[in-house]
Amino acid sequence: MILRPAPRRFTRPAVTLVALLTAAAWLGGCAKAQPLAEPSAAGPTNTGGLVLSTGFSDAGQLGRSAPTGIRTSFGPVVDRSGANLVGVIALAAGEQHSLALMQDGRVLAWGANDDAQLGNGTRAPSIVPLPVRAPDGAPGVLTGVIDIAADSNTSVALRKDGTVVVWGRANSGQRGNADTTANPTTPSVVLNPTATGPLTGVRAISADGGSELALTDRGTVLGWGNNEYGQLGTSAPAVAKLPVLITGRNKAPLTGVRAIAIGGQHSVALLGDGRVVTWGRNDVQQLGDGTNVNRSAPAEVLVAPGKPLTGATEVSSAEKHTLALLKDGSVVGWGLNNGGQLGNGTFKTQSFALPVRGEGDEPKLVAVQHIMAGESYSVAVLQNGGVMTWGANGRGQLATGDREDRSKPGPVTVENGVPAPSWVTAVGVGRRHVLIALR
């Protein structure tokens with residue numbers, strides 16, 4: 001679901017040159033995208049969940065040919081038959097890998113695989129989407145998935161029975177199953193806090209690569225993995241190998257939560273009354289409380305000293321910045337702004353939540369339906385199904401046709417023969433690449 005927050009924390013793993021050259025040669029032989037018709041003026045063309053990608057592809061994470069390693073406009077991801085990948089309902093992306101949730105509940109993965117973040121039982125990279133295997137040694141492939149998340153070299157899936165599956169890097173408890181095996185090559189189920197069975201009752205997930213969050217049906221939040229900066233709250237140890245209830249001052253549980261996000265060792269929760277609370281690392285004001293002081297207890301995001309942010313309906317967090325969608329269709333952002341990712345026309349870090357500006361001289365971006373924060377860049381899906389991007393663009397991740405950063409939202413471009421992205425249904429934001437799915 002595009003509603004899922006998309007946090008970002010990244011490290012850069014190595015990928016063997018031989019493997020990449022082999023993958024590139026295979027793609028060049030059989031992965032040519034077919035031209036597609038553009039949407040008509042009367043409404044969207046049914047593209048059947050067509051996936052498009054743009055940006056950096058040093059490990060095949062774009063899922064298509066990229067002769068220079070970079071694409072600056074959207075073009076189709078290609079499946080292993082050589083056809084355009086379709087039938088996708090949700091997307092996620094990490095540092096160098098990508099995930100797609102299919103209509104039938106399976107998950108496909110492609111890109112780098114050093115830490116088995118593709119979940120297919122190997123550590124070999126793949127430039128084409130491959131199915132993720134079933135967890136804990138079960139036969140077949142992973143099924144029954146309703147949402148996905150990814151960050152760095154970690155992948156997470158939420159199943160319709162309320163359980164959570166994780167695969168990829170396992171160096172700081174991010175598997176959530178107390179398993180000390182380093183980087184197993186197949187997925188595993190997250191256990192409950194007492195390790196007596198699977199964690200259940202989960203309705204949303206968010207990944208930070210080294211830490212994960214799960215929102216429960218009761219409106220509480222659990223976290224596991226690295227807790228170096230207090231991103232797992234006041235009750236978790238330095239490394240939580242099993243889920244721990246997120247608590248605040250006096251170790252009282254955080255309750256009344258309707259959405260979650262985690263990124264760059266800081267966590268975000270949207271409360272039922274439209275307020276937003278944050279906790280964890282705060283070296284570049286990513287907690288939005290007017291300070292740069294780390295804290296492990298959730299506290300309100302502010303728009304000015306003593307004035308809480310209200311009216312939020314969605315949140316998304318990346319490495320060092322966070323976005324919140326408001327009920328009037330506008331967007332605010334706070335934290336690091338070195339690439340223009342806050343979209344306010346400047347490159348100045350902000351310690352309070354400030355409006356994202358619109359195109360041209362428009363004072364704020366309006367009519368937004370969903371938001372996604374990537375590392376040093378941002379994406380918005382508009383209420384008319386269109387998409388806008390802003391922030392860092394050194395690897396073409398904004399799909400502008402060039403590699404220039406921009407500090408305000410603007411339109412995207414597509415390659416010849418590709419349908420204009422006017423009916424976007426899902427977005428996945430990686431370190432330097434972006435995926436979108438069309439209706």
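The values are calculated or read from the model by the stated rules, or taken from the named source; none is laboratory data. Keep in mind the model is a prediction, meaning the values are calculated, not measured. Note: ideal-geometry Cβ built from the backbone for every residue, glycine included; neighbour counts use all protein chains shown. With ligands, DNA and RNA removed, areas are computed over all heavy atoms of the protein, side chains included. Shrake-Rupley method; radii C 1.70, N 1.55, O 1.52, S 1.80 Å.
What pairs come up if the first residue lies in region 96-124 and is on the phi > 0 side of the Ramachandran plot, the second is assigned to a loop (DSSP other than H, G, I, E, B) and surrounded by 24 or more Cβ atoms within 10 Å (Cβ to Cβ), and their beta carbons are under 6 Å apart, counting only those six or more places apart or on different chains?
Cβ pairs passing all conditions: Gly111/Ala59; Gly111/Gly60; Gly111/Gln61; Gly111/Gln96; Gly119/Val132; Gly119/Pro187.
Within region 245-260, is there a residue that is among the aliphatic types (A, V, I, L, M), surrounded by 24 or more Cβ atoms within 10 Å (Cβ to Cβ) and farther than 20 Å from Ala92 by Cβ?
yes
Could you please tell me which pairs satisfy a Cβ distance under 6 Å, a separation of 6+ or placement on different chains, a first residue in region 254-280 that is closer than 20 Å to Ser152 by Cα, and a second residue that is aromatic (Phe, Trp, Tyr) and modelled with pLDDT of 95 or more?
Gln265/Tyr229; Ser267/Trp279; Gly280/Tyr229
Please give the strands (runs of 3 or more DSSP E) falling wholly within region 94-211 in which 2 or more residues are open to solvent by 10 Å² or more (accessible area, probe 1.4 Å), at pLDDT below 95 and among the aromatic types (Phe, Trp, Tyr).
Strands (runs of 3 or more DSSP E) meeting the threshold: none at all.
Could you check region 217-237 and list, in sequence order, the residues that are surrounded by fewer than 24 Cβ atoms within 10 Å (Cβ to Cβ), small (Gly, Ala, Ser) and closer than 15 Å to Pro193 by Cα?
Answer for region 217-237, where residues must be surrounded by fewer than 24 Cβ atoms within 10 Å (Cβ to Cβ), small (Gly, Ala, Ser) and closer than 15 Å to Pro193 by Cα: just Ser235.
Restricting to region 281-298, and then to whatever is touching a residue at least 12 places away in the same chain (Cβ under 8 Å) and aliphatic (A, V, I, L, M), can you tell me which residue is most open to solvent (accessible area, probe 1.4 Å)?
The qualifying residue most open to solvent (accessible area, probe 1.4 Å) is Val284.
If we keep just the residues of region 82-93 that are open to solvent by less than 30 Å² (accessible area, probe 1.4 Å) and not in a strand (DSSP E or B), which is farthest from Ser126 (Cα to Cα)? Reasoning before the result, please.
Residues of region 82-93 open to solvent by less than 30 Å² (accessible area, probe 1.4 Å): 82, 84-85, 87-88, 90-93.
Cutting the leftovers down to not in a strand (DSSP E or B) gives us 82, 85, 87.
Numbers: Gly82: 14, Leu85: 15, Gly87: 20 Å.
Within region 82-93, the match that is farthest from Ser126 (Cα to Cα) is Gly87.
I need a count of the residues in region 339-384 that are open to solvent by 20 Å² or more (accessible area, probe 1.4 Å) and assigned to a strand (DSSP E or B).
The number of residues fulfilling the criteria is 8.
If you scan region 415-432, which residues turn out to be hydrophobic (A, V, I, L, M, F, W, C), surrounded by 19 or more Cβ atoms within 10 Å (Cβ to Cβ) and more than 20 Å from Asn338 (Cα to Cα)?
Val418, Trp423, Val424, Ala426, Val427
Suppose the filter is under 30 Å from Asp289 (Cβ atoms), in contact with a His (Cβ under 7 Å, 6 or more places away or on another chain) and modelled with pLDDT of 95 or more; does Gln350 pass it?
So Gln350 fails the test.
From the residues in region 54-104 that are touching a His at 6+ places or on another chain (Cβ under 9 Å) and hydrophobic (A, V, I, L, M, F, W, C), which one is nearest to Gln117 (Cα to Cα)? Before you say what the answer is, go through the steps one by one.
We begin by selecting, within region 54-104, every residue touching a His at 6+ places or on another chain (Cβ under 9 Å); these are 54-57, 59-62, 71, 93, 96, 98.
If we keep only those that are hydrophobic (A, V, I, L, M, F, W, C) too, we end up with 56, 59, 62, 93.
Values: Phe56: 18, Ala59: 12, Leu62: 15, Ala93: 11 Å.
Among them, the one singled out is Ala93.
Within region 181-199, work out how many residues are among the hydroxyl-bearing types (Ser, Thr, Tyr) and either closer than 12 Å to Leu242 by Cβ or within 19 Å of the chain's Cα centre (by Cα) (or both).
Count: 2.
Taking the criterion of being closer than 24 Å to Val239 by Cβ and not small (Gly, Ala, Ser), would at least one residue in region 78-93 satisfy it?
There is no residue in region 78-93 that is closer than 24 Å to Val239 by Cβ and not small (Gly, Ala, Ser).
Would you pick out the residues in region 388-404 that are buried (at least 24 other Cβ atoms within 10 Å of the Cβ) and in a strand (DSSP E or B)?
Thr389, Trp390, Gly391
Find all pairs meeting these conditions: Cβ atoms under 6 angstrom apart; at least six residues apart or on different chains; first residue within region 385-401 and over 13 Å from Leu342 (Cα atoms); second residue open to solvent by 20 Å² or more (accessible area, probe 1.4 Å) and part of a strand (DSSP E or B).
Arg395/Phe56; Arg395/Ile70; Gly396/Ile70; Gly396/Arg71; Gly396/Thr72; Gly401/Thr72
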